Amino acid sequence: MMSLQALMSAVSQFRPDDETGGLLRAIVESSDDAIIGKSLDGTIVSWNAGAQRMYGYTPAEAVGQSIALIVPVGQREELERISSEIAQGRRVASHETIRVTRDGRRLNVSLTVSPIVDATGRVVGASAIARDITEAKRVEAALRASEERYRSIIDSAVDAIIVIDRRGRVEAFNAAAERLFGYAAKDVLGRNVTMLMPEPYHTEHDAYMARYLTTGEKRIIGIGRQVTAQRKNGTTFPVHLSVGEMTIDGETRFTGILHDLTARVALETQLREQAALTRLGEMAAVVAHEVKNPLTGIRGAVQIIGSRLPAGSRDAEVIKEIVARIDALNDLMKDLLLFARPPQPRLAPTDPRPILETVVNLVRQDPGAREIAIQVVGTSDTIVADQELLKLVIQNLLLNAVHAINGAGSIQIDVHTTGSMCRMTVTDSGPGIPPEVREKLFTPFFTTKARGTGLGLSTAKRFVEAQGGTLAIDCPPRGGTTVSIELPRFEGTAPQRSGS
Amino acid sequence: MPINTQSRILVVDDELLIRWSLSEALTAAGYAVVEGRDAAEARQAIRDQDHKPDLVVLDYRLPDSNDLGLLTTIRHEAPTVPVILMTAYGTAEVVKGALDLGAYRVVSKPFEVHDMASLVTEALAAR
């Protein structure tokens, strides 16, 4: 095209009957591009066959007309700019613009305009070469739309989609993957996919890939299985991973689709725990009967024998201790029954504050609470709860706090309404809970006390959940322990008397 | 003290130590005690016209009885005889059912053996 430009400028120098001029004319005429000559004032002076094909005007129609013939109204400024460049002898390099055809179609064209100078070097006109790029633009736009469509499909997918190359480097990381792993795509792209895996997957992955690429042995491709993935914050979670293989430009790539199984695994665990608790409940009922009957007999018989000891006998202390130990065994059975077979909650509109006061007064009598200041602050709306269960829960938490303080200290119970829930927190001034103990707090039969069943907190949690609430434990950095209970607020307008 | 009248108390439990300790405590309190080990012996004792018990201390669960059937029979055959029911694991339904059938009291095991003697005296006085 460049040489054509040069030739065009020469065209004006030659007479039409000139032999060389005829050759040049033939070249210009055979071009697929529109090649137009115009004078400085914008009058069309030559119009090749390409221009006729592209714009629809014959040379007879176009020559003598203003170049504005094919320039859309909105593009007139561009025309002036080009004219001014040409007048100063400067070439307007190839750029994209719009032109209009005889039948009104708008064309995307790539346009180059060069000045034409005469023998003295004076600018006498311009040559414009235009190529129709409408089709190319359409194809490009269609490709872009198609790519955007696929991208939006991938990015709107609920499952994480990750593409890696044959060396394990991440090439694509969709929006669901960003959410699932907590990484932005830019943090992951180009890095080895093993960054998303905990051990042993992390170490084994490269070897898996290498083996597959050399032997074709499939461990996961086309099969899919449950694996463990690792988030940015280091926590792990279960996913179902299915891997597909594809070849693009001769390069093998793998597409992994990851479905988060956290909720399903949690549900399965919950169901398993529930089944275990049901079995435990059935067992506890049998054991309770089999244990309590002999305990009753032993207790009664020991008491009768004790009552026959001579006055002042030192054995009386032993009898007392036997009875106390029997009672401790019985308490264990009671705790086990409460945990394993919690009573069905009888929910009723309840004012939590008087219940808290009652339990606090009861706990104040505990010998361990002698040097502990217990206070209740705040108020709450009416809640929906089972009064007896709530009492047991609060008593449990307060006794835990008393044992944690183990001497002098303070316990504060805050009660207030937050949204649709009533929140009650029990905060003690004790030493707090060591991190290694924290995760086992709700494990039945786990205890740090010399004489504890390890059922108190699990039972409290079960009772609260049975009433539609939640129980959580927090150990603030400043020390102590805070146990929070949330129970649903009563939404009715006319509270009935509870216990009905 | 009801020494003169010698009220007869039927104690029904399959656990020897419970029968023995209750028997000792009630005898010491001046009562005559008849023992039964199961539902069959309890029925027999309640139908003994010559030595009809004045009060029954009954275990809910016996080798041949694990429901309120025995209590129903006793209340039917001897409606004026107070029954104190003992349970090792009494659900709310069992307690309510027993009281509806006219049991004087439902006592959870284990209990203070001497409190049982007081409760018997109270129940007899309430007849």
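Which condition number in (1) in contact with a helix residue (DSSP H, G or I) (Cβ under 9 Å, 6 or more places away or on another chain); (2) more than 9 Å from every other protein chain (Cβ to nearest Cβ) is the one that A:Asp351 fails?
(1)
Pick out the one residue from A:Thr350, A:Thr427, A:Thr417, A:Thr382 that is in contact (Cβ under 8 Å) with a residue 60 or more places away in the chain, under 41 Å from the mean Cα position of the chain (by Cα) and within 23 Å of A:Cys475 (Cα to Cα).
Result: A:Thr417 is the single residue among A:Thr350, A:Thr427, A:Thr417, A:Thr382 that is in contact (Cβ under 8 Å) with a residue 60 or more places away in the chain, under 41 Å from the mean Cα position of the chain (by Cα) and within 23 Å of A:Cys475 (Cα to Cα).
Kindly indicate whether any position in segment A:111-128 is part of a helix (DSSP H, G or I) and surrounded by 21 or more Cβ atoms within 10 Å (Cβ to Cβ).
Taking every residue of segment A:111-128 in turn, none turns out to be part of a helix (DSSP H, G or I) and surrounded by 21 or more Cβ atoms within 10 Å (Cβ to Cβ).
Quick one: would you say B:Ala117 is within 12 Å of chain A (Cβ to nearest Cβ), surrounded by fewer than 19 Cβ atoms within 10 Å (Cβ to Cβ) and in contact (Cβ under 8 Å) with a residue 40 or more places away in the chain?
No, not satisfied.
Filter segment A:221-232 for residues that are out of contact with any helix residue (DSSP H, G or I) (no Cβ under 8 Å at 6 or more places or on another chain) and of a type outside the set (S, T, N, Q); which is farthest from A:Val265 (Cα to Cα)?
A:Gly222
Which numbered condition trips up B:Asn66, out of (1) more than 10 Å from chain A (Cβ to nearest Cβ); (2) over 24 Å from A:Ile326 (Cα atoms)?
(1)
Being of a type outside the set (Val, Ile, Thr), under 23 Å from A:Gly454 (Cα atoms) and not assigned by TED's automatic domain parsing to the domain that holds A:Ser458 is true for just one of A:Lys334, A:Lys320. Which residue is that?
Going through A:Lys334, A:Lys320 in turn, the sole match is A:Lys334.
Go through segment B:25-58 and give me each residue that's touching a residue at least 60 places away in the same chain (Cβ under 8 Å) and either crowded, with 20+ Cβ neighbours inside 10 Å or more than 14 Å from chain A (Cβ to nearest Cβ) (or both).
Within segment B:25-58, B:Ala25, B:Leu26, B:Tyr31, B:Asp54, B:Leu55, B:Val57 meet the criteria.
Inspect all residues belonging to segment A:251-258 and state whether any of them is out of contact with any strand residue (DSSP E or B) (no Cβ under 6 Å at 6 or more places or on another chain) and not assigned by TED's automatic domain parsing to the domain that holds A:Glu321.
Scanning segment A:251-258, I find at least one residue that is out of contact with any strand residue (DSSP E or B) (no Cβ under 6 Å at 6 or more places or on another chain) and not assigned by TED's automatic domain parsing to the domain that holds A:Glu321, so the answer is yes.
The rows are residues; the columns are (1) farther than 25 Å from A:Ala284 by Cβ; (2) of a type outside the set (D, E, K, R).
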| position | (1), (2) |
| --- | --- |
| B:Val34 | yes, yes |
| B:Gln49 | yes, yes |
| B:Asp54 | yes, no |
| B:Val57 | yes, yes |
| B:Pro63 | no, yes |
| B:Pro82 | yes, yes |
| B:Met86 | no, yes |
| B:Ala98 | no, yes |
| B:Asp115 | yes, no |
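So for segment A:202-210 (the condition being assigned to a strand (DSSP E or B) and at pLDDT below 90), does at least one residue qualify?
Among the residues of segment A:202-210, not one is assigned to a strand (DSSP E or B) and at pLDDT below 90, which makes the answer no.
The values are calculated or read from the model by the stated rules, or taken from the named source; none is laboratory data. Just so you know, these numbers come straight off a predicted model, no measurement behind them. Cβ: placed from backbone, ideal geometry, glycine included. Neighbour counts: every protein chain shown.
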